[in-house]
Amino acid sequence: MIQVNELTFSYPGGKHNVFEGLNLQLNEDRIYGLLGKNGMGKSTLLYLIAGLLKPKNGSVIVDGYTASYRYPEMLQELYIVPEEYDLPSMSLAKYAKIHEDFYPHFNQETLKKCLADFEMPVDIDLKQLSMGQKKKVYMSFALATGCHLLLMDEPTNGLDIPSKALFRKVVAGNMAEDSSLIISTHQVHDVEQLLDHIIILDNSQVIVNASTEDITNDYTFGIRQPNEMDESVLYAEPSIQGNNVIARRQKGDNETTINLELLFNAATTGKLK
């Protein structure tokens, strides 16, 4: 679906490359979590996939199309929700009417359902919305496009705690069949229940690229007391309850829920290979 080949990119005037020789493959029918510290290129990679930025060297291929050429056939199957944006001063109905013809799978009923799940009315003026409400509307429209590929940059920023839970419900219940979603985020606890594949960038290189199934097959996540620490523990962080740990999964161990923050910290400190 997406093939990143020997990608090198730097911003004009930048002293360092954001990416240098990056290779990555992303398959269809997945929800990817794209994680990394500030400046590691998460947002940049989304914009390169969307064709909004052009590689210095190498290529980004989306469904057979070179992304930077922005072919209409590619763009009608791709929708990006950036972290920051503005919406025009018009009703949502007018906004949808202007844009829906660009997306052959656009579904008004999906738009209405997403808004209802977000506890938002359908008859709204886009300029009268708060930041969090704008996010809900923009993400609802993105899902209503039915695009094969959705890109979301920090989608839960600006949402209150109840709305973050609603975000997970809206995405899980309204993604088009066989579509993929790439979420770039720092707010790992907001999305970790949604993801089925994890990508972690560090120093502009991919240090983790694994399905959640593979991660839970290989590792367990939990809390251990000091007397329970053994050679199976790969990474630990102290907490009030004990030590939060990642350990090799042994025969007979039950599958555990991924602690995405712990996984991120372990990977970026070199404790998890």
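Might you let me know whether the range 238-256 holds any residue that is among the hydroxyl-bearing types (Ser, Thr, Tyr) and over 19 Å from Glu192 (Cα atoms)? Yes, the range 238-256 has at least one match. Considering the range 68-99, the residues that are part of a helix (DSSP H, G or I), hydrophobic (A, V, I, L, M, F, W, C) and more than 21 Å from the chain's Cα centre (by Cα) include one that is surrounded by the most Cβ atoms within 10 Å (Cβ to Cβ), namely Leu92. Could you look through the range 100-119, keep only residues that are part of a helix (DSSP H, G or I) and among the polar types (S, T, N, Q), and pick out the one that is farthest from Pro162 (Cα to Cα)? Checking each candidate, the answer is Gln108.
Does Ser232 fit the bill of being surrounded by 13 or more Cβ atoms within 10 Å (Cβ to Cβ), polar (S, T, N, Q) and at pLDDT 95 or above? It is false that Ser232 is surrounded by 13 or more Cβ atoms within 10 Å (Cβ to Cβ), polar (S, T, N, Q) and at pLDDT 95 or above. The single condition among (1) within 21 Å of Gln3 (Cα to Cα); (2) touching a residue at least 40 places away in the same chain (Cβ under 8 Å) that Ser68 does not meet is (2). For the range 22-50, a residue qualifies if it is within 13 Å of Pro82 (Cβ to Cβ), of a type in the set (S, T, N, Q) and free of Cβ contacts under 8 Å to residues at least 60 places away in the same chain, and exactly one does: Thr44. What do you reckon, is Met131 among the hydrophobic types (A, V, I, L, M, F, W, C) and surrounded by fewer than 18 Cβ atoms within 10 Å (Cβ to Cβ)? Answer is yes for this residue.
The values are calculated or read from the model by the stated rules, or taken from the named source; none is laboratory data. Everything quoted here is computed from the prediction, not taken from an experiment. Reconstructed Cβ throughout: ideal geometry from the backbone, glycine too, with neighbour counts over all protein chains shown.
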